[in-house]
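J.: Take this structure first; my questions come after.
Nothing in this text is a laboratory measurement; each read-out follows from the coordinates by a stated rule. Note that the coordinates shown come from a computational prediction; the quantities given were computed from them, not determined experimentally. Using ideal geometry, Cβ is built from the backbone for each residue, glycine included, and neighbour counts are taken over all protein chains shown.
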Amino acid sequence: MRTRKGRRRWLRQQILLARKAAWESRLVYKTENGDEVGDLFMSLIHTCELNEVNPFDYLTELQKHVPELAKAPAAWMPWNYRATLQQQAGIIRGSA
């Protein structure tokens, strides 16, 4: 387990590495729109990693729950989407 100071140092390193990767990846996109989309996904992926969430699993769940996501986007953030899934599973089990 990391100390508080160690955790902050690790977090700063992760942010710097993500910024460097994002900057280097800008050279790959062919259009400004592609660049913006890439930045959006990099931000989502990095936020998932900071919250110890598997980015692939998170993005997959977002795709499976588009109508619910549109109704309540705040319930589908990387740090709380699992609770939302569990709550929905409880509602489905209770109504069946």
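J.: Pop out the ³J(HN,Hα) list for segment 39-46 in order, Karplus 6.51 cos²θ - 1.76 cosθ + 1.60 with θ = phi - 60°, rounded to Hz; leave Gly and Pro as x.
T.: Taking θ as phi minus 60°, the curve returns 4, 4, 5, 4, 5, 4, 5, 5 Hz for segment 39-46.
J.: May I pose another question? Please give, to one decimal in nm, the separation of the simple spin-label points placed at Ala83 and Phe56, each 7 Å out from Cα toward the Cβ.
T.: Placing both labels 7 Å beyond Cα along the Cβ direction yields 2.8 nm.
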